[in-house]
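K.L.:
Dumping the structure here so I can ask a few things about it.
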Amino acid sequence: MLCCILGYSVGAQENGGSQPSQEVSEVDGLPVLIKHLPNGESVRNSTVFIQDKNALKSTIRDQSVLDLVEFAAGTEAVTAEYPAGKLLIVEYTTPQAAAFADGKFEQHLSENPGNPHIFYKRIGNYGVFVFNANDPVAANALLDQVKYEKSVQWLGEDPFMMQKIERYFALTGRDVAISTVLWIALVFGSTLAIGVIVGFAYFKYRESKRAGMTAYSDAGGLTRLNLDDLSEPLP
């Protein structure tokens, strides 16, 4: 806990004054970003909360990719030591800022492949790094444990409500049309199959009945004169 507070104070002093975190826990007053560290309780002694570039570069040394991190418009970071490596989470306040930084990070890492011990992944508005990682499997597993747990709620009326309603009706209409076509095809196929089965059964029944006759007549059971000796003799 003391290390977390010291890390927070370092970031504030480098900027020449107090700089409160964007989000602070109502329970213990710590920045919420610290609580998003995987298994945060186990790495509390190595946790450092950062709010400016000088504090970042003094905490994680000799990593050129960190020159691309800009602490503007409320950007914050937190770092901690894990068995898989040193984890760094940089939180941006908007998806646009996170996407812009993600592009710069990806380009830098692709142009400088000489350091294979750096693993990076964008998770929501987070840019997440694992430094000094010797085990790629463990490093990627650590990255997968970082979860972006933020939700956006409109204080007033949702300006995208009409688009959501239109999308809902479009998707619902599509699903109804597809369901109707599938239902008609199913009924038609079932009717055809039943007709074929019943017709075949009736045909086999007539065949078996005809096989038991000594002579065949197409009179259909009507009374007829036995002029051609086709009718069976009466018992």
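The values are calculated or read from the model by the stated rules, or taken from the named source; none is laboratory data. Because the structure is predicted, anything quoted here is derived from the model rather than measured. Note that we place each Cβ from the backbone using ideal geometry, even for glycine, and neighbour counts take in every protein chain shown. Only protein heavy atoms, including side chains, enter the accessible area calculation; ligands, DNA and RNA are left aside. Shrake-Rupley method; radii C 1.70, N 1.55, O 1.52, S 1.80 Å.
K.L.:
Exactly one condition in (1) of a type in the set (Ser, Thr, Tyr); (2) open to solvent by 50 Å² or more (accessible area, probe 1.4 Å); (3) touching a residue at least 60 places away in the same chain (Cβ under 8 Å); (4) within 24 Å of Pro136 (Cβ to Cβ) is false for Ser64; which is it?
P.N.:
(3)
K.L.:
Could you tell me whether Glu149 is surrounded by 10 or more Cβ atoms within 10 Å (Cβ to Cβ), at pLDDT below 80 and of a type outside the set (Val, Ile, Thr)? Don't jump to the end; show me each part of the working.
P.N.:
Values: surrounded by 10 or more Cβ atoms within 10 Å (Cβ to Cβ): no; at pLDDT below 80: yes; of a type outside the set (Val, Ile, Thr): yes.
No, not satisfied.
K.L.:
Hey, another quick one. Only one residue in Val78, Val65 is over 27 Å from the mean Cα position of the chain (by Cα) and among the β-branched types (Val, Ile, Thr), so which one is that?
P.N.:
Values: Val78 fails: over 27 Å from the mean Cα position of the chain (by Cα).
Selected residue: Val65, the only one of Val78, Val65 that is over 27 Å from the mean Cα position of the chain (by Cα) and among the β-branched types (Val, Ile, Thr).
K.L.:
Looking at this structure, is Ala80 in a strand (DSSP E or B) and either over 20 Å from Pro38 (Cα atoms) or among the aliphatic types (A, V, I, L, M) (or both)?
P.N.:
Yes: the conditions hold for Ala80.
K.L.:
Within the stretch 122-143, track down each residue that is open to solvent by 80 Å² or more (accessible area, probe 1.4 Å) and modelled with pLDDT of 85 or more.
P.N.:
Once the filter is applied, which keeps residues that are open to solvent by 80 Å² or more (accessible area, probe 1.4 Å) and modelled with pLDDT of 85 or more, the stretch 122-143 yields Arg122, Val137.
K.L.:
Shifting gears a bit: Just a yes or no: is a residue in the stretch 176-193 among the β-branched types (Val, Ile, Thr) and not in a helix (DSSP H, G or I)?
P.N.:
Pass one, the stretch 176-193, residues among the β-branched types (Val, Ile, Thr): 176, 178, 180-181, 184, 187, 191.
So of that shortlist, the ones also not in a helix (DSSP H, G or I) come out as none.
No.
K.L.:
Would you be able to say whether some residue in the stretch 77-93 is of a type in the set (S, T, N, Q) and surrounded by fewer than 14 Cβ atoms within 10 Å (Cβ to Cβ)? It would help to see each step written out before you state the result.
P.N.:
Our first condition is that a residue be of a type in the set (S, T, N, Q); within the stretch 77-93, this holds for 79, 93.
Subset that is surrounded by fewer than 14 Cβ atoms within 10 Å (Cβ to Cβ): none.
So far as the stretch 77-93 goes, no, none of its residues is of a type in the set (S, T, N, Q) and surrounded by fewer than 14 Cβ atoms within 10 Å (Cβ to Cβ).
K.L.:
Can I ask one more? Give me a count of the residues in the stretch 62-78 that are of a type in the set (A, V, I, L, M) and out of contact with any strand residue (DSSP E or B) (no Cβ under 9 Å at 6 or more places or on another chain).
P.N.:
Looking only at the stretch 62-78, we keep the residues that are of a type in the set (A, V, I, L, M), and these are 65-66, 68-69, 72-73, 77-78.
After this cut, where a residue has to be out of contact with any strand residue (DSSP E or B) (no Cβ under 9 Å at 6 or more places or on another chain) as well, the list is 68, 72-73.
Result for the stretch 62-78: 3.
K.L.:
Which of the residues spanning the stretch 85-137 are among the hydrophobic types (A, V, I, L, M, F, W, C), touching a helix residue (DSSP H, G or I) at 6+ places or on another chain (Cβ under 8 Å) and over 21 Å from Thr47 (Cα atoms)?
P.N.:
Ala101, Phe105, Leu109
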